[in-house]
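Peer 1: First, the structure itself, so that you have it in front of you.
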Amino acid sequence: MAENLRRAVPRQPTDWFGFYRFDQLESEPWRCCRVIDISPLGVGLELFAVASGEELFGPVTISIELRGTTRNVVRGNTRDSARVGVEFAAPTEAAKKYIRTLSGVKSSW
């Protein structure tokens, strides 16, 4: 079923840099990657530092860094927690449109 949904869910272009590591190689260092696009079902990646003939299949962990500006802070009742709203840099019109469509596909991130 995921294969059928994969093409039914639109992808949002991105240009985020991050790090990846194949789970079976946890002793290996993290390597750089670029997240090319994202949907509720997955991401497209450009992997860097790939050796010729390297096996690129299997479970992979991806770590990305998101930056923004704190816009809203609500402290928890016990003061050791808080809910923080963060605004990213001005999203493009395409990104705004994509975000609006997520409620229609009952996305879960």
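Peer 1: Suppose we keep only residues that are surrounded by 15 or more Cβ atoms within 10 Å (Cβ to Cβ) and touching a Phe, Trp or Tyr at 6+ places or on another chain (Cβ under 7 Å) within the stretch 1-19. Which one would you say is modelled with the highest pLDDT?
Peer 2: The qualifying residue modelled with the highest pLDDT is Phe19.
Peer 1: When both residues are 6+ apart or on different chains and their Cβ atoms are under 9 Å apart, which pairs have a first residue that lies in the stretch 49-70 and is exposed (fewer than 10 other Cβ atoms within 10 Å of the Cβ), and a second that is in a loop (DSSP other than H, G, I, E, B) and at pLDDT below 90?
Peer 2: Leu66/Phe88; Arg67/Phe88; Arg67/Ala89; Thr69/Phe88; Thr69/Ala89
Peer 1: When the stretch 57-78 is examined, which residues are found to be small (Gly, Ala, Ser) and touching a helix residue (DSSP H, G or I) at 6+ places or on another chain (Cβ under 9 Å)?
Peer 2: Gly58
The values are calculated or read from the model by the stated rules, or taken from the named source; none is laboratory data. The structure presented is a predicted model; accordingly, all values stated were derived computationally and were not measured. Neighbour counts run over all protein chains shown; Cβ positions are idealised from the backbone, glycine included.
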